[in-house]
Amino acid sequence: MATLTLDRKSALRRELEAIVGRGGVLSEPDELLVYESDGLTLFRALADFVVFPTSAEHVAALVRVAQREGMPFVARGAGTGLSGGCLPSEGGLVISLMRMNRVLEVDYDNQLAVVEPGLVNLHLSWAVGPHGYYYAPDPSSQQACTIGGNIANNSGGPHTLKYGVTVNHVLGLEVVMPDGEIVWLGGKTRDALGYDLAGVFVGSEGTFGIATKIVVRILRKPQAVKTVLAVFDQIEQASAAVSAIIARGLVPAAVEMIDQLTIQAVEDAFGCGYPRDAAAALLIEVDGLRAGIEAQCERIVDACRQSGAREVRAAADEAERQLLWKGRKSAFGAYGRVSPAYMVMDGVIPRTKLPYVLGRVNEIVAAQGLRVGNVFHAGDGNLHPNILYDPRKPGEEARVVAAGAEIMKICAEVGGSISGEHGIGLEKSDFMPFIFSAADLAFMQRLKTAFNPTGLCNPGKVFPTRKSCGEAGPVAYRPHPIEERGLAQRF
Amino acid sequence: MTHATSDTPASTSPLALHGLSVEGVNQCVHCGLCLAYCPTFSELGTEMDSPRGRIFLIKSLAEGRIGLSDPTVEHLSLCLDCRACETVCPAGVPYGRLIEAAKAEIERQRPGGAARRAFRWLNFGMLLGSPRVLRAAAAGLHFYQASGLQRLVRRSGLTRLLPGTLPAWEALLPPLPADRAPLAPLTPAVGARRARVAMLTGCVQSVVFGAHNRATARVLARNGCDVLAPPQGCCGALNAHGGDHARAVEMAKRTIETFEAAGAETVVVNTSGCGAHMKAYGALLASEPGWAERAARFARTVQDISEFLAQAPLRGPLAPVPMTVTYHDPCHVVHGQKIRRQPRELLAQIPALRVVDLPESDWCCGSAGIYNLTQPEMADRLLRRKVRNVESTKAEAVVTANPGCILQIQAGLRAAGRDVPVLHLVEILDKAYTSAGGSTVPSDASPRIDGGGKVAARAR
Ligand SMILES: Cc1cc2nc3c(=O)[nH]c(=O)nc-3n(C[C@H](O)[C@H](O)[C@H](O)COP(=O)(O)OP(=O)(O)OC[C@H]3O[C@@H](n4cnc5c(N)ncnc54)[C@H](O)[C@@H]3O)c2cc1C
């Protein structure tokens, strides 16, 4: 889209203000700047406007203006995404859902809640907590990220291992379609008739429309919870322990791994009780009925000991348990103590390949002269290598991008995937051919077109931008578009 | 268009605003975990009014990517400086220092018109700068209130003619007590001596809330402290928060000299902003030749009253105070000094006192130094939120630990038609001590908390 002229821009601004009210439109350059990236600062782009609707009707009217103008638009929640998913594309409209953040209805008998998309994930659990309920999907960013962002990225979290990802907890959605129509996908019952369109929408990364109401399941808090911290002197032992636990037929609620560099950052941040000299620690949680929980716990302790754990202990009380989780969930942010920036990767691998892949990750990053911290959902084989770098040092970003691509390639090679939960967004769109064939991508493109025929709804995301996107299966390294544009170099 | 950030200036020279380092911006990794804990973001939903957004604005300013445009000034000025973001920040961004530097830069570039400059000079230079001027002003104000002139002026609508934020100042004026005498230079310990402490008696605090100071001294004495109250000036916190950096530095030096000369082991503070600010003297004077280490050493001797008292069990006897209260955490106690446990532990030691949890107890009430005067609209939104939360507890009184919060929350409750007093922690402790009798400290007054939970005038 051509750049807006000043006249056109102020006319449009007035029109947008007529929809959402005077305080609901941003267009000053300094204000737009703040919206130039999400949790991944490697990518940035400026919008023409950021708008703040307060109802589905507002969203629909905004979308219709954008379509009329041929102006791209994108939904934004809290902007904690880690793949550039909510970035605008060459100007256009960012539709912030942060002023639609109410819990509209809670039905405890049927264990569901109807919420607006801008509601912070954790605030839903707070709202239903006094009645003994909670919302199960718990991304580590849950204190800030929104339910709308969660459904778009089909977000997971530590407890995904037992409880599934966001899609397993969404019953229905009210959606403003990319043409401005307001429709319901799914509803309030588990078994809606017809196609599972709510299921299709979840994980569509904001490219199928904008959710304006979401019906989610809420769960009763488990009767009992036990959290175990296992400490290892070698990262291989920790990997082996993960497999040993699962091999015993146990289904923990969560199995998280955290390595030494990350432990040290987290301890600096909040002093959570992880031993600083450990090579790795596992945070393992079991929950459910009180009866039998001790027995499960013992078997986990045993599996860890057999794998060589130097120390295994259960959190003594709720306060200690909360503190251990606080450490785990703050890990990404805590990297700020050891590095001015980081880029988190989000690969998935078969659990059995953990030792091999972690070893390769360390080699790849070291070869680029960089450091890496690992903190991840080990039980799911969902890796998060965090490559630390300094954006002020010339050439470092390029090396990060290069290392990232190689890591993604390894994940694909061992039969895994290039995203567990953070979405493809902008960052990984060019890695899609690592795992999808041309036919796969063409099929997905047809689905997208059915929802989003003009392509104006969150363009430039998910699908590779290169013509060579037809390459099948794991492929050799291809230069990242950033490198092609000469913005970065591979050494 | 979308691009990677490789084209950012590769400069590695330290980032600064108004000569103050803002290198701390580089600790922010943009994770956003602070967002939902920021009162202004939670009210507005706009990221320029969130910590992550403001840090980004400050960084862009320091890098020269943007200038001080009207919107930028507006968003930075809307920051409460409550530092709730620091409590949740895993990266340890020193947010308070960043926003102070930004505010100093705003003052430098935008000193405002003659009226505003004169007003700031009057406040920061004259009133806060000299205890004598402050006392004289207080005497004048007391006359204004006691003589009935205030009622007359308010009824006549004359306040509307006052320039700038003066009408708001006028409306917020607490009734000034007739007795504004400074604290005795020494309040001796009762029983076995445990420590020798000095008290910050505060500038505004000493004239408006002298009763808090006296209560603090009595409670300290009861707990075995010789309490010194050397003649002193203002610690400079309001100046620093208001962007008046140069005077803040001078005031810090004078304060350090005063307390060093007094020769106490600990400096006890009963106002949150002052305590947090004095603990940061090390950073404030880091680049002042000859002062850096001295300031850091001094800062380590500063303690909030609750922090100090909670180091040991309270000495008895404490009389029962049979009422239900709730505790509001002042920002610069809970976020600025990370003191959360101690006031609650102290309250728990008062017999028969029931303490109920206040939802969002650590959310700013909107007082925030002079914020309620400079940003009345946002202050009011936050105050109403605070009042709703207090109402939900059904408490008979609110306990907190800072005069600004007391004035603000009390005004909010009164406006909502609630007859719920707001007390300083030391007042309720003092009440438990004085009701218990025993070996009394020479005392002038103590708050009377009658049956309805009301605090009566502090009579002699
Ligand atoms: C410290 C940290 C820890 C994290 N931990 C996890 C984790 O454990 N698991 C995990 O899965 N992710 C994690 N993430 C990533 C991120 O928090 C999630 O992807 C989250 O769901 C994003 O929510 P958001 O509200 O910030 O969305 P945004 O970043 O604002 O947007 C994300 C995507 O959602 C779309 N979107 C937003 N609202 C709507 C809507 N109403 N309708 C349609 N599309 C919409 C946007 O267009 C964009 O494509 C973490 C991030 C951080 C910074």
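The values are calculated or read from the model by the stated rules, or taken from the named source; none is laboratory data. Note that the coordinates shown come from a computational prediction; the quantities given were computed from them, not determined experimentally. FYI the Cβ positions are ideal-geometry reconstructions off the backbone, even for glycines, and counts take in every protein chain you see. When the accessible area is computed, the model is the full protein with side chains, heavy atoms only, and any ligands, DNA or RNA have been set aside. Shrake-Rupley method; radii C 1.70, N 1.55, O 1.52, S 1.80 Å.
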Give me the 1.4 Å probe accessible area per residue for region A:148-250, excluding ligands and nucleic acids, in Å². 38 Å²
Each residue of region A:314-330 in order: what ³J(HN,Hα) in whole Hz does its phi give by Karplus 6.51 cos²θ - 1.76 cosθ + 1.60, θ = phi - 60°, with x for Gly and Pro? 8, 4, 5, 8, 4, 5, 5, 4, 4, 5, 4, 5, 4, x, 4, 6, 9
Would you kindly find the accessible area of A:Met177, with a 1.4 Å probe and non-protein molecules such as ligands, DNA and RNA excluded, rounding to the nearest 10 Å²? 30 Å²
Note the per residue figure in Å³ for the convex hull of the C-alpha positions in region A:38-79. 72 Å³
With +1 assigned to the C-beta of every Lys and Arg and -1 to the C-beta of every Asp and Glu, and no other charges, what is the dipole magnitude of region A:339-484 about the Cα centre in debye, to the nearest 20? 140 debye
Let me cross-check B:Leu413: its accessible surface, 1.4 Å probe, with only protein heavy atoms counted, in Å² to the nearest 10? 0 Å²
Ranking B:Ile339, B:Val356, B:Leu429 by how far each Cα lies towards the positive end of the charge dipole of region B:323-436 (+1 on Lys and Arg Cβ, -1 on Asp and Glu Cβ), the top one is B:Val356
Ignoring any ligand, DNA or RNA, what whole percent of the accessible area of the protein assembly as shown comes from carbon and sulfur when the probe is 1.4 angstrom? 54 percent
Sorted by accessible area with a 1.4 angstrom probe, largest first, how do A:Lys221, A:Lys448, A:Lys353, B:Lys394 fall? B:Lys394, A:Lys221, A:Lys353, A:Lys448
Could you please state, rounded to a whole Å, how far the C-alpha centre of region B:313-345 is from the C-alpha centre of region A:120-142? 29 Å
Compute the normalised compactness of chain A: alpha-carbon radius of gyration over 2.2 N^0.38 Å, N being the residue count. 0.97
Please work out the Kirkwood hydrodynamic radius for region B:323-436, using every pair of different C-alpha atoms, and report it in angstroms with one decimal place. 14.1 Å
Once you compute Rg and the Kirkwood Rh from C-alpha atoms, what is the Rg to Rh ratio for region B:186-309? 0.97
With every protein chain present, what accessible area does A:Lys226 have (1.4 Å probe, heavy atoms only), rounded to the nearest 10 Å²? 50 Å²
Convex hull projection area averaged over all views, region B:371-417, Cα basis, nm²: 3.2 nm²
Taking region A:5-56, how much of its Cα-Cα pair set, in percent, is spaced more than 19 angstrom apart? 34 percent
Largest-first ordering by accessible area, 1.4 Å probe, given options B:Ser77, A:Ser155: B:Ser77, A:Ser155
Around A:Leu87, what is the net charge, scoring Lys/Arg as +1 and Asp/Glu as -1 over all other residues with Cβ under 14 Å from its Cβ? -3
Note: B vs A interface, total accessible area buried (1.4 Å probe; ligands, DNA, RNA excluded), nearest 100 Å², is 4100 Å²
Nearest 5 percent is fine: what portion of the DSSP beta bridges confined to region A:6-96 is antiparallel? 20 percent
How big is D for region A:215-323, in µm² s⁻¹ as a whole number, if Stokes-Einstein is applied with the Kirkwood radius of its Cα pairs at 20 °C and 1.002 mPa s? 149 µm²/s
Shape descriptors of region A:91-194 over alpha-carbon atoms, Rg and Dmax in angstrom, are 14.0, 46
Debye sum, Cα scatterers, region A:294-347, no solvent: what log₁₀ I/I(0) at q = 0.18, 0.21, 0.27, 0.30 1/Å? -0.84, -0.91, -1.00, -1.08
Just to confirm the number: angle between the C-alpha axis of helix A:56-69 and the first principal axis of chain A, 0 to 90 degrees, nearest 10? 60 degrees
Could you give the size of the charge dipole of region A:103-220 about its Cα centre, using +1 on the Cβ of each K and R and -1 on the Cβ of each D and E, expressed in debye and rounded to the nearest 20? 380 debye
Residue by residue, what Karplus-based ³J(HN,Hα) values in Hz, rounded to whole numbers, does region B:53-66 have, using 6.51, -1.76 and 1.60 with θ = phi - 60° and x for Gly and Pro? x, 5, 4, 5, 5, 5, 4, 5, 4, 5, 7, x, 6, 10
Across all directions of projection, what mean area in square nanometres is found for the Cα convex hull of region B:239-363? 9.0 nm²
Per the Cα gyration tensor, region A:6-96 corresponds to an equivalent ellipsoid with semi-axes, largest first in Å, of 21, 14, 12
Ignoring solvent entirely, what values of log10 I(q)/I(0) come out of the Debye formula for region A:126-170 at 0.30 Å⁻¹ when each Cα is a single scatterer? -1.15
If you find the alpha carbon centre of region A:341-358 and of region A:36-81, how far apart are they in angstrom? 32 Å
Treating every alpha carbon of the protein assembly as shown as one equal point scatterer without solvent, the Debye formula yields log10 I(q)/I(0) values at q = 0.09 Å⁻¹ of -1.03
What percentages make up the Cα-Cα pair-distance distribution of region A:43-109 when the bins are 10 Å wide from 0? 20, 46, 24, 8, 2
Taking all pairs of distinct alpha-carbon atoms in region A:339-484, Kirkwood radius in angstrom: 15.9 Å
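Suppose only helical runs count, i.e. DSSP H with n ≥ 4. What mean residue ellipticity at 222 nm does that imply for chain A under -39500 (n - 2.57) per run, divided by all residues and rounded to the nearest 500 deg cm²/dmol?
For chain A, the value works out to -9500 deg cm²/dmol.
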3J(HN,Hα) from dihedral phi, region B:400-410, Karplus parametrisation 6.51/-1.76/1.60, rounded to Hz, x for glycine, proline: 8, 9, 7, x, x, 4, 4, 4, 5, 5, 4
Rg [Å, one decimal], Dmax [Å, integer] - region B:16-109, C-alpha atoms: 11.9, 33
Place a +1 charge on the Cβ of each Lys and Arg in region B:283-336 and a -1 charge on the Cβ of each Asp and Glu, then give the dipole magnitude about the Cα centre in debye, rounded to the nearest 20. 180 debye
One would report the Cα pair-distance distribution of region A:279-422, bin width 5 Å, in %, as 2, 8, 16, 18, 18, 15, 11, 6, 4, 1, 0, 0
